[in-house]
Structures are given as structure tokens and as C-alpha cells.
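Here's the structure we're looking at; comments come further down.
The values are calculated or read from the model by the stated rules, or taken from the named source; none is laboratory data. Remember, predicted model here, so these are calculated numbers, not experimental data. Note: ideal-geometry Cβ built from the backbone for every residue, glycine included; neighbour counts use all protein chains shown. These accessible areas exclude ligands, DNA and RNA; they are computed on the full protein's heavy atoms, side chains included. Shrake-Rupley method; radii C 1.70, N 1.55, O 1.52, S 1.80 Å.
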Amino acid sequence: MRVLWVVKGLGPGGAERLLCAAAASHSDGVDIECAYVLPWKDHLVGELESAGVITQCLSQKRTDVRWPGRLLRLVRSGRFDIVHVHSPLPGSVARLAARSMPSSSRPAVVSTEHNRWATHRWPTRILNRVTSRWNGATIAVTDEVRSSISGPAAEQAVTLRHGIDVAKAQVELAHRAAIRAELGIGDDEFVVGTVANYRPQKDYPNLLQVARLLADRDVPVRIVAIGQGPQEAEVRTLHADLDLGERVILTGFRDDAVRVMAACDAFTLASAWEGLPVALMEAMALGLPMVVTDVGGMAEELTDGVDALLVPPRNAPALADAIERVWQNVSLRKDLTAASAERAAEFGVDRTVESVEATYSRVSGLVVGDDARGGAVPVVRPPKLSPSLEIREATLDDRGRILALLQRSLGVDGDQRYPKLFEWKHDLNHFGPSPMWVVTDGDRIAGFRAFMRWEFVRGGEVVRAVRAVDTATDLDSRGQGLFTALTLHGLEAMSADGVDFVYNTPNTQSLPGYLKMGWREVGRLPVAVGFSGPTGVAHALGSRVPAERWSLDLDVGVPALDWLDRGGFDERLSVDSDGRRLRTNADAAYLAWRFGASWLGYRVVEDGECTLIVRARGRGSSKELAVVAEFGEPVAVQRLARSVARAARCSHALRIGRPGLAAGFVALPLGGPLLTVLALSDAGTPPLANWGLTLGDVELF
């Protein structure tokens with residue numbers, strides 16, 4: 001059974017975390033893909049993909065208004081038996097798409113409502129009501145949410161309590177001491193935890209007023225709040241205004257939120273309204289006493305004085321009193337702890353998934369595991385090679401024959417620069433020597449494959465990658481599957497080595513082969529071009545051919561090593577404020593290797609506002625300035641690039657990035673190179689909008 005989940009984002013919110021729990025628990029006969037809209041909310045992509053869910057972002061940039069069209073095409077592709085929507089606006093588009101299909105191929109639509117309809121903006125609410133009549137099934141996470149549904153969907157709506165992996169949450173109790181030490185919390189301190197993003201629903205002003213009241217009463221309670229969101233600045237300002245200091249620790253986003261909760265002594269939510277929060281279920285699995293507001297699913301599932309203390313919303317004194325009672329009354333605390341532990345099993349995800357799969361079968365007429373339309377994705381297996389052929393690691397003794405094979409393949413026989421280029425990128429690489437393999441037929445090398453090591457950084461974490469850059473098959477051995485065999489052999493070795501993903505920008509001839517082996521298209525990198533004048537436009541338009549491999553002489557700027565020697569990079573080094581961006585793990589040593597060799601032809605130019613690393617190359621009859629690395633604001637970068645292009649007598653400047661018309665740059669009509677990726681770990685592949693690539697990261701070496 002093939003299912004498409006449609007959701008607004010994959011950030012660390014409750015509804016999204018429910019998807020991760022469900023993904024890990026669905027039957028093997030349910031094949032799930034997930035489409036989401038907001039590229040900056042991709043925190044849980046890795047977790048979903050590690051559970052076997054293929055994810056794709058429908059937006060290529062933050063302001064992309066074309067996502068509805070992409071969702072329309074995806075739903076209408078005929079690949080799915082079920083479209084299960086989890087967000088009202090993209091859900092409405094998905095319903096329209098399904099409704100526009102012939103009934104014989106139309107997927108059934110299931111909708112899960114995670115919040116009261118009144119909390120949605122009125123245009124979304126109207127569209128949701130109009131299109132929800134086409135639901136095959138409507139699921140609400142609480143009775144309160146179900147009662148808020150109006151229109152035809154209300155008649156069929158059912159309440160289904162969603163669940164979590166209880167055992168997985170309980171494992172985190174082993175890390176209590178380590179997390180408390182990390183946060184500077186003493187063993188004897190009483191800590192109340194909360195997991196709530198900075199949104200009006202979670203009512204942080206209420207929570208912080210509670211903390212202030214407890215402090216004024218000299219109640220020795222500390223609060224640890226895990227979350228992020230659009231109201232972060234207001235929350236932190238109020239935290240400072242109330243002089244809460246270390247009494248309230250605002251951790252920001254943590255991908256180990258359950259582990260942090262396991263270090264707490266009680267759990268609270270100060271919410272103004274709620275569904276059934278995932279954090280609540282996780283806290284109960286940890287056996288934490290519950291002190292929460294009497295709203296939504298919390299009011300439905302919990303009983304005041306039995307398994308929780310429930311207080312009215314927007315009532316800071318009442319919530320402060322309840323927290324003080326739990327701190328002060330050891331007997332009450334033990335009773336609430338026992339109640340949470342006893343009820344935890346009721347929130348297991350297996351029951352939820354069983355019910356959802358039964359719903360899928362009912363609305364589609366299929367049984368889990370059926371393949372009614374016969375559209376299975378082919379699995380590529382290593383081709384069976386001739387007994388005379390052997391795959392092994394390449395050695396230095398093979399180098400001469402490898403170079404000869406590559407040069408024949410590239411049409412650069414006899415070019416003395418090529419062996420030097422090969423040594424630079426594969427032996428001297430800043431990120432480590434390239435793994436290489438050959439297929440031999442006796443003494444003859446019939447095929448070659450290399451992966452060039454690379455490192456990215458994202459959110460402060462290093463992500464290990466390799467780039468598929470060099471492969472060749474001897475003319476006499478083509479058609480025997482050597483490219484596939486070598487590549488699959490290399491992938492197995494790279495996975496065992498802990499590499500997170502392979503990336504490249506294949507041409508149209510090699511792309512089908514990569515896609516068959518599991519590579520996925522991330523999207524075309526945006527390329528902008530700035531012309532140095534009217535004649536530059538004419539030259540560039542008449543040179544729509546691939547750029548030459550080797551650099552042309554440039555007399556602008558200074559060599560990269562000279563710039564580095566005077567500390568140029570240190571002056572430009574800055575922390576990327578967007579933690580979701582994936583960028584090359586660059587430091588001075590990397591830049592010295594990547595751009596420092598004089599024969600590579602790179603130059604550094606500066607104007608006080610920004611810094612560019614550039615090179616000139618021929619493209620047909622024109623001379624092109626390639627901006628391969630840049631430091632500074634995009635508009636300033638593009639202005640300097642055009643100025644340098646004119647000074648260097650280049651017809652145009654080229655860079656990866658969005659165009660800036662004010663700076664004289666326009667978008668390349670058909671886009672730039674196609675970025676493709678194969679994930680080898682559960683780190684997850686970010687959407688195109690979250691790749692911070694420059695031309696230097698994807699140049700054809």
C-alpha cells in the first residue's frame with residue numbers, strides 16, 4: 001500500500017514527532033513518502049528517512065509560491081493509493097489534486113486534524129471546510145478537535161488518540177545525571193521541565209509569570225524549557241525583564257528533548273489551548289508528575305488529583321500553587337509518578353498505527369501489502385560480472401593506467417596538467433585521500449571509480465560526504481555493467497566508513513544510471529549571471545557551451561595564499577545564523593588547499609564590503625568570471641563581481657545564488673547544474689533551499 005503524507009513542515013513540533021513514531025511502527029507492507037512545504041523546517045527529515053520514509057520538500061526557497069503546483073503534480077502522478085494530509089492548507093491543495101483525477105486512478109484521502117479549526121486563519125479554515133467533504137476518512141486527535149470540525153467532514157470524523165514509542169522514551173532515563181551536569185543543575189535541585197515552542201498556544205508569558213511567583217515565594221524550583229519558534233525574541237525579553245536568570249533555562253531547540261525531560265522531576269505545560277501534546281505522552285512514559293492546564297486533550301485524558309494536577313489556563317497563581325504542591329508534598333509526588341508510569345502504556349504508538357492501517361484499508365479497498373497498480377520501484381542489484389573481471393581497491397601501481405583510461409574518456413590525452421589535477425584532488429585533498437576502485441581483466445584496467453571526500457557543517461555538526469567525480473570504463477568493456485558494479489561496491493564501502501551522503505551534479509547521459517541506483521534529485525542550483533556590458537551579453541548568448549576545464553590568466557586581486565597569509569579569512573570568518581544551512585566545512589587550511597595552488601588560477605578580490613575568490617575560464621568565444629567562493633552580503637558580492645568582470649575583460653560573471661537585479665544579475669533561464677544526492681546514513685538530506693553551496697563546491701574537476 002503506497003501512502004503519501006502531506007504536512008506543512010518537518011520541524012520539531014508535536015504533530016511532526018507523531019509522524020516519526022508512526023513511521024517506525026507501520027507494517028512493512030505500507031510504503032510511505034512524505035511531502036512538506038517549509039524548507040527551514042526539516043529537523044526531522046533524517047529521522048523519517050532512517051525509518052524508510054522518502055521525504056521531499058515542495059519549496060526550493062523560503063518565498064517559493066510554486067509549491068501548490070508541485071504538490072498537484074505529485075498527487076496526480078498515480079504513485080499513491082492513499083494521500084494522508086496532516087496540515088489544513090497543503091491538505092486542501094492535495095484534496096483538490098486528488099479530486100481532479102479520474103475515479104479509476106484517484107487515491108483515497110485521509111485527513112488528521114491536529115488542532116481546533118478555530119485556531120486556523122479564516123481563509124485556510126474556509127478552504128479546509130470546502131475540500132474536506134472529499135475525505136475518505138477524518139481523524140481528530142482529541143474530542144475537542146473533533147467537535148470543532150464543521151461541514152460534511154464532521155459527520156464522519158472519529159477521535160483517535162495518537163501515540164509514541166514508549167520504550168524508546170524510557171531508555172533516556174539512563175542519561176539523567178549527564179544532562180543535569182550539562183545544564184549545571186545539582187543532584188538535589190527540583191526541576192520542572194516543559195517542551196513547548198515559542199507560540200501563542202503555549203502561553204510562555206503565563207509560564208514565566210509562574211516562575212516569577214515561585215521565585216518571590218522563595219520556592220527552590222527551576223524550570224527547563226525546550227523549544228523554538230516565532231516568539232523567541234519576545235520570550236527572551238520577558239525572561240530578562242522578570243529577572244529570572246538561571247531559575248528558567250531556555251535551552252532553545254534540542255534534538256534530544258526527551259533526554260532533557262528525563263533529567264527533570266516534574267512536567268508542566270502552561271498552554272492556552274492544546275490537542276494531545278506529544279511532550280505530555282513522553283513525560284508520562286518517563287514517569288514524571290503532570291502539572292498542566294485543563295485544556296484540550298489534557299483535560300480529556302487526565303483527571304485532576306488522580307494522574308495529574310489540572311489548573312485553569314492563563315492563571316499563573318493557580319499553576320504556581322500546583323507546582324509548589326508537587327515540590328512540597330513528597331507523597332503526592334510519588335502518587336503522580338506512579339500514575340504516569342501506570343498510564344504510559346496506553347499511549348503506545350502500535351495501537352494507533354493498527355487503527356490507521358485499518359482506515360487505509362477501508363477507504364482504499366486494499367489490504368496492507370497489496371500492489372494493485374503494479375508500480376513498484378525497481379531495485380538495482382550488482383550486475384554479475386564475467387569471471388575474468390575483479391573489483392579491488394586501486395593502488396599507486398595502477399596510477400598510470402588509471403590516468404590513461406580517464407584521459408581517453410575525457411578526451412584530454414597527453415595533457416600534462418591532468419595528472420597534477422588528479423593528484424591534487426584525490427591525494428592531497430584537505431578532507432582526506434579519495435577512496436578508489438578498479439575493475440581488472442588480467443593486467444588490463446577495464447573500469448575505474450573514485451569518490452572525492454568532502455565535509456559540510458550544519459547546525460554546528462560536521463556532516464561527512466563524498467562527491468562522485470571520476471569514473472571511466474574501457475571502450476572494450478562497455479555494456480558489461482562495470483559502472484554500476486563499481487559504484488555499488490564503493491557505496492557499500494562508504495556506508496561502512498560512516499559517510500553520510502554522496503552528492504554530484506551528473507550530466508544528462510549519466511543521470512539515469514545514478515537514479516536507478518537510488519540517487520535523488522534535490523533540484524537545480526540557482527545560477528545568476530551578471531553581464532559586464534552590452535557586448536558581454538552578445539558574447540555570452542553566443543557561447544551556450546560547457547566551460548573549459550582550465551583557468552585563463554587573471555591580473556586582478558591577489559593569489560589566495562597571499563590573502564590567507566595576512567589573515568584575510570580570519571577577518572571574514574562569521575557564524576552562519578541559519579543553522580539549517582549545509583555549508584562546506586571551511587577554514588584557512590581548506591582554502592589554502594582548495595584555492596591556493598598557483599597553477600589553479602584562483603584570485604582573491606576585495607572592496608572593503610565583501611571578498612570574492614574567482615577564476616577566469618573560456619566558454620565558447622566568451623571569457624567568463626566564475627565566482628567560486630564569496631564572503632559578504634549577496635548584493636555587495638554581485639556588484640563587486642560585475643566590477644571585477646569588467647576589469648578582467650570578461651563578458652560576464654557567474655555565481656550560484658539568487659539573482660539581484662539591483663546589482664545587475666539575472667537568473668540563468670534554465671537554471672544551473674542538477675544536484676543529486678544518495679543518503680548513506682540517517683542524517684537526512686536537506687531541501688535545496690537549505691544547501692549553502694557556492695560554485696567552488698560543485699565545479700567540474
Evaluated at q = 0.20 Å⁻¹: base-10 log I(q)/I(0), Debye formula over Cα of the stretch 210-362:
-1.41
Reduced to Cα centres, the span from the stretch 395-427 to the stretch 595-646 in Å works out to 28 Å
Quick check: residue separation of Thr63 and Leu173 times 0.36 nm, minus the Cα distance between them. What number comes out in nm?
35.5 nm
With θ taken as phi - 60° and the coefficients 6.51, -1.76 and 1.60, list the Karplus ³J(HN,Hα) couplings across the stretch 71-88 in order, rounded to whole Hz; mark glycine and proline as x.
5, 4, 5, 5, 4, 7, 5, x, 7, 10, 8, 10, 10, 10, 9, 10, 9, x
Quick one: plug the Kirkwood hydrodynamic radius of the stretch 454-568 (C-alpha pairs) into Stokes-Einstein at 20 °C, 1.002 mPa s, and report D in µm²/s.
114 µm²/s
Using every alpha carbon pair in the stretch 309-354, what percent of pairs falls into each 10 Å bin from 0 up to the bin containing the largest distance?
23, 34, 29, 13, 0
Taking only DSSP H segments of four or more residues, each worth -39500 (n - 2.57), what value at 222 nm results for the chain once the sum is divided by all its residues, to the nearest 500 deg cm²/dmol?
-10000 deg cm²/dmol
Probe of 1.4 angstrom, ligands and nucleic acids ignored: what's the accessible area per residue over the stretch 344-493, in square angstrom?
50 Å²
Of the beta bridges DSSP finds with both residues in the chain, what % are antiparallel, to the nearest 5?
55 percent
Leaving out ligands and nucleic acids, and using a 1.4 Å probe, what accessible area per residue does the stretch 76-148 come to in Å²?
41 Å²
When the stretch 13-148 is reduced to its Cα atoms, the Kirkwood hydrodynamic radius in Å:
15.6 Å
In terms of modelled amide H atoms, which long-range or inter-chain residues lie less than 5 Å from the amide H of Glu274?
Gly296, Gly297
Listed by chain and number, the residues whose amide H is under 5 Å from that of Val522, excluding neighbours fewer than 5 places away on the same chain and using placed H, are Leu675, Thr676, Val677
In whole Hz, the Karplus estimates of ³J(HN,Hα) for the stretch 437-446 (6.51, -1.76, 1.60; θ = phi - 60°; x where Gly or Pro) are 9, 10, 9, 10, 10, x, 8, 8, 8, 8
Cα-projected label distance for Ala662 with Ala118, points at 7 Å along beta-carbon direction, nm
4.4 nm
Which trypsin sites (Lys or Arg not before Pro) in the stretch 438-516 sit in a loop by DSSP (not H, G, I, E or B) and have at most 15 other Cβ atoms within 10 Å of their own Cβ?
Arg478
Helix 14-23 versus the longest principal axis of the chain: what is the Cα-based angle in degrees, 0 to 90, to the nearest 10?
70 degrees
Using only Cα atoms, find the angle between the long axis of helix 122-131 and the longest principal axis of the chain, and express it within 0 to 90 degrees, rounded to the nearest 10.
90 degrees
So, how do all the Cα-to-Cα distances of the chain break down into 10 Å bins, in percent, from 0 on up?
3, 13, 20, 21, 19, 14, 8, 2, 0
Which values of log₁₀ I(q)/I(0), to two decimal places, follow from the Debye formula for the stretch 144-213 at q = 0.15, 0.16, 0.22, 0.28 Å⁻¹ with a uniform point scatterer at every Cα?
-0.87, -0.92, -1.10, -1.15
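Over all distinct alpha-carbon pairs, what is the Kirkwood Rh of the stretch 408-464 in angstrom?
The answer is 13.7 Å.
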Nitroxide proxy distance, nm - points 7 Å out along Cα→Cβ at Glu155 and Arg524:
4.7 nm
Projected convex hull area of the stretch 171-282, Cα atoms, direction-averaged, in nm², equals 6.8 nm²
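Please report the relative contact order for the stretch 272-409, taking Cα pairs under 8 Å with a sequence separation of at least 6, and give it as a percent rounded to a whole number.
Computed value for the stretch 272-409: 20 percent relative contact order.
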With all protein chains present, how much of the accessible area of the chain (probe radius 1.4 Å) comes from carbon and sulfur, to the nearest whole percent?
51 percent
Determine how many Å³ per residue the convex hull of the Cα atoms of the stretch 389-531 encloses.
160 Å³
Using Cα pairs under 8 angstrom and six or more residues apart, how large is the relative contact order of the chain, in percent?
12 percent
Amide H proximity to Gly252 below 5 Å, modelled H, separation 5+ or other chain, gives Gly227
For a quick check of your reading of the filter: which trypsin sites (Lys or Arg not before Pro) in the stretch 303-333 sit in a DSSP loop and have no more than 16 other Cβ atoms within 10 Å?
Arg314
Scalar couplings 3J(HN,Hα) for the stretch 171-178 by Karplus 6.51 cos²θ - 1.76 cosθ + 1.60 (θ = phi - 60°), nearest whole Hz, x for Gly and Pro, are 4, 5, 4, 5, 9, 3, 4, 5
Looking at the stretch 624-701, what % of the alpha carbon pairs are farther apart than 15 Å?
62 percent
Kirkwood Rh in Å, taken over the stretch 329-459 so that all alpha-carbon pairs contribute
21.7 Å
